[in-house]
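Engineer: Pasting a structure here, questions to come.
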Amino acid sequence: MKLKRIASIKLKSALLILSTENTSAKEVENTFDSSINEWLKSKDDFLFLKLNTGMIFFIKEGLTNEKYRVLGHKIRTLIERTEKNVFVHGNNSETIFSLVEGFCLSSYQFLKYKKEKKNLQYSLDTIHLSDVLTEEKVTFLNHTLNAVYWTRDMVNEPVSYLNATNFSNEIVSLFSKIKDTKVNVLEKSKIEALKMGGLLSVNKGSQDPPTFTIIEYKPKKVKNKKPIVLVGKGVTYDTGGLSLKPTAGSMDSMKCDMAGAAMMVGAIYLCAKLLLPVHLICLIPATDNRPGENAYTPGDIIHIMDGTSVEVLNTDAEGRLILADALAYSKKYTPDLVINAATLTGAAVMAIGTKAACMMSNAENKTNQMLVEAGNKVHERVVELPFWDEYLEDMKSSIADFKNIGGKYAGMISAGKFLEHFAPKPFVHIDIAGPSFLESEENYKGKGGTGFGVRIITEFIHNYLA
Ligand code: BES
Ligand code: MG
Ligand code: ZN
């Protein structure tokens, strides 16, 4: 789908117009005068009129940005499958942006595994946007969509294709032509040499080797002296390992367990495409978690790369083990800030569901507030949870430094505290187990991988530098 700017038409009323033909303002406001006036007095946010030659939607001004995104989705579902063009006009650039953002995010399709791709593909080819929206904004939207689409593609890919090696290859090819970026994929022998015992232990039951991917984005001019490090959980499939998950309902969607990784890769890609003046590092430990012959077992004691010993009491608490290595590794950068994203716990989903992510942080209030605000702005919301040291007590082992599971309550926080132990400060952890993957369609976010997190991280980094 292409985004193209066209000359704006001046509208008399505070309205947004989305049509399948480029009608003039006069035509619009004269022809439908009576029905428009009636509708303007009603509670409905939009009015849909079918014309001989196409369709036109009138949308009220003054709604929230999220309302426009959802309306964009709704209108996308109402447009006939044969339409190739839509035209969007309005007087307010932010409003147009949100409507089109929702429309385009809603247009995402994952057709790779469909035989009849051509027939299933949405017909829409070009969105013609009023030049009220600047060139810069259109470019921003284009890059955002590409980043979110890539992240969603990765999350939707099953492990039958997306094992750790193929995931790393996908990352390498994503960055192959991106200015000022470098990707380095560490293979198993290097991971062994680094003594990443968390990643290696989780990988023991797998037929496929693990990878550890390092992405660096460093343009000539940067505003931060020390890099921001983004870490993402890259469990390409989580069976639970020997502590096997029950199949129905809990294992079915576990190809999504690399959504944290896909989100952080999408975010650093977007920052690079937007040429943000920021030094970023992204670290992706990746493996599947399986009960293979040599699988790590409950009772095992393993060592994270910094020497910390961990008693494994449940092999399904694997994410924190591979992330512990990545966070310990991140210390070598003496980062300005580390942000970790992971589909880490069912507890996070139980607590707040799919509508937001759980954030835990030892960073300054200002940083946390900026994250919450960035999330509200792009509607990838995060809720800050307590992060008191008492929660770490749940993770202490009688025979090792830690165990990998906590108590009965607040599992997302004890997991976060475990991660914090390995991370340099300041550290932010975002548990995205709820919003990153949807079992049933939720407006423009669709079904399956949502791409959650790409936009909040990019928005945050943009503001953090200002
Ligand atoms: N990948 C899961 C968490 C998850 C649950 C992600 C639901 C997405 C949706 C994680 O590895 C896991 O299995 N966590 C366990 C930890 C427990 C054994 C301490 C959990 O939350 O049940
Ligand atoms: Mg697990
Ligand atoms: Zn997992």
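Nothing in this text is a laboratory measurement; each read-out follows from the coordinates by a stated rule. Just so we're clear, the structure is a prediction, and the values are computed from it rather than from any experiment. We place every Cβ from the backbone using ideal geometry, glycine too, and count neighbours over all the protein chains shown.
Engineer: In square nanometres, what is the average projected area of the Cα convex hull of the stretch 293-407? Kindly include the intermediate steps, with their values, before the conclusion.
Structural biologist: Numbers: hull surface 35.6 nm².
Answer in nm², one decimal: 8.9.
Engineer: Take each of the peptides 106-117, 273-284, 349-360, average the number of other beta-carbon atoms within 10 Å over its residues, and list them starting from the highest. Numbers along the way, then the final one.
Structural biologist: Values: 106-117: 13.5, 273-284: 21.2, 349-360: 19.2.
Highest-to-lowest ranking by the protection proxy: 273-284, 349-360, 106-117.
Engineer: First select every other residue whose beta carbon is under 10 angstrom from the beta carbon of residue 5; then total the charges, Lys and Arg +1, Asp and Glu -1. Each step should come with its number before you reach the end.
Structural biologist: Values: positive: 4, 137; negative: 131, 135.
Computed value for this residue: 0.
Engineer: Angle between the Cα long axis of helix 259-273 and the longest principal axis of the chain, 0 to 90 degrees, nearest 10?
Structural biologist: The answer is roughly 60 degrees.
Engineer: Now for a different question. Before anything else, pin down the relative contact order of the chain: Cα pairs under 8 Å, at least 6 apart, normalised by residue count, whole percent. Don't skip to the answer; put the middle values down first.
Structural biologist: Working: 1030 pairs, mean separation 73.2, N = 466.
With pairs under 8 Å counted, the relative contact order is 16 percent.
Engineer: Give me the one-decimal nm value for the distance between modelled label points at residue 131 and residue 38, 7 Å along each residue's Cα-to-Cβ direction.
Structural biologist: 3.8
Engineer: Quick one: grab Rg to one decimal and Dmax as a whole number for the chain, Cα atoms only, in Å.
Structural biologist: Just the Cα atoms of the chain yield Rg and Dmax of 23.6, 80 Å.
Engineer: To check you understand DSSP bridge types, tell me what percent of the beta bridges within the chain (both residues inside) are antiparallel, rounded to 5. Working shown, then result.
Structural biologist: Details: 36 of 67 bridges.
Percent antiparallel among DSSP bridges in the chain is about 55.
Engineer: If you don't mind, there's one more thing I want to ask. How tilted is helix 319-330 with respect to the longest principal axis of the chain? Cα atoms for both, answer in degrees (0 to 90, nearest 10).
Structural biologist: 90
Engineer: Taking only the alpha-carbon positions of the stretch 158-199 and ignoring solvent, what does the Debye formula give for the base-10 log of I(q)/I(0) at q = 0.15, 0.33 Å⁻¹?
Structural biologist: For the stretch 158-199 at q = 0.15, 0.33 Å⁻¹, log10 I(q)/I(0) is -0.49, -1.04.
Engineer: Also, I was wondering about something else. Counting other beta carbons within 10 Å of each Cβ, put 39, 388 in order, fewest first.
Structural biologist: Fewest-to-most Cβ neighbours within 10 Å comes out as 388, 39.
Engineer: Also: Regarding the stretch 59-183, what are the three Cα extents along the principal axes, ordered largest first, in Å?
Structural biologist: Result, largest extent first: 49, 39, 23 Å.
Engineer: Tell me the mean residue ellipticity at 222 nm calculated for the chain from its helices only (DSSP H runs of n ≥ 4, each -39500 (n - 2.57), averaged over every residue, nearest 500).
Structural biologist: Calculated mean residue ellipticity at 222 nm is -11000 deg cm²/dmol.
Engineer: So which aspartates and glutamates pass the test for residue 188, namely a Cα distance under 17 Å, with those fewer than 8 places away in the same chain ruled out?
Structural biologist: Leaving aside aspartates and glutamates fewer than 8 places away in the same chain, those within reach of residue 188 are 208, 288, 325.
Engineer: Here is the link list: 233/445; 255/331; 137/447. Which ones come out longer than 25 Å on Cα distance?
Structural biologist: 255/331; 137/447
Engineer: Could you please rank 82, 367, 126, 181, placing first whichever residue has the fewest other Cβ atoms within 10 Å of its Cβ? Intermediate results must be reported in sequence, preceding the final value.
Structural biologist: On the way: 82 8, 367 17, 126 14, 181 21.
Lowest to highest Cβ neighbour count: 82, 126, 367, 181.
Engineer: What do you get for the angle between helix 135-156 and the principal long axis of the chain? Use alpha-carbon atoms, 0 to 90 degrees, nearest ten.
Structural biologist: For 135-156 against the chain, the angle is about 50 degrees.
Engineer: Return 379, 462 ranked ascending by Cβ neighbour count within 10 Å, so the fewest neighbours appear first. It would help to have the intermediate numbers written out before the result.
Structural biologist: On the way: 379 20, 462 15.
The most exposed by this proxy come first: 462, 379.
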